[in-house]
Amino acid sequence: MRTYQHPIYQDNTMAIRAEYDEEKRVFDLMKKFLYIVGTITAIVVFLLLLVNSPALITQTGAIGIIALVPVLLAATAFTGFYVGTVPAGYIAAWRAIKRSRLFVWGNALGLLLIATLLLSIPAAFAPIAFLLQWLKVSNLKRQLDANA
């Protein structure tokens with residue numbers, strides 16, 4: 001146990017702690033959305049596959065559908081994960097917009113283009129935003145553990 005810590009290092013630790021707490025709060029929000037939206041999506045996809053299973057059995061035969069079960073489960077899990085991370089992409093985009101402090105003026109076409117980009121880009125790169133936030137929180141946690 002250390003009894004004395006130089007004030008500069010103490011401030012650095014406090015700054016890292018504050019950043020870690022903020023990033024952890026955001027990551028926990030992203031995880032909460034992943035669990036809720038991902039689970040709902042996986043259930044809906046599974047039910048849609050279940051409803052369409054008679055058509056799949058007709059097309060592939062009874063043995064063919066058994067061979068498709070692992071593929072269908074993997075597709076359900078991937079779809080649930082991807083759609084579940086879409087809110088993480090929007091959270092990351094919103095934080096980037098707030099940090100940039102940009103204000104955009106333009107005509108209706110420009111605003112339509114910006115709205116399209118703001119809706120499609122975060123959704124397209126959502127898993128990457130989720131993983132980057134996870135790495136950021138892990139790195140800050142490592143730094144806090146090293147300074148403690």
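Miscellaneous remarks
- Under a 5 Å amide H cut-off, with hydrogens placed 1.01 Å from N, residue 125 pairs with nothing among residues at least 5 apart or on other chains.
- Within the straight-line cut-off of under 24 Å between alpha carbons, the lysines reachable from residue 141 are 24, 31, 32, sequence neighbours fewer than 8 places apart in one chain being disregarded.
- For 94, 134, the ranking by accessible surface with the largest value first comes to 94, 134, using a 1.4 Å probe.
The values are calculated or read from the model by the stated rules, or taken from the named source; none is laboratory data. Small disclaimer: the values here were computed from a predicted structure and weren't measured. For the accessible areas, the whole protein counts, side chains as well, though only heavy atoms, and no ligand, DNA or RNA atoms are used. Shrake-Rupley method; radii C 1.70, N 1.55, O 1.52, S 1.80 Å.
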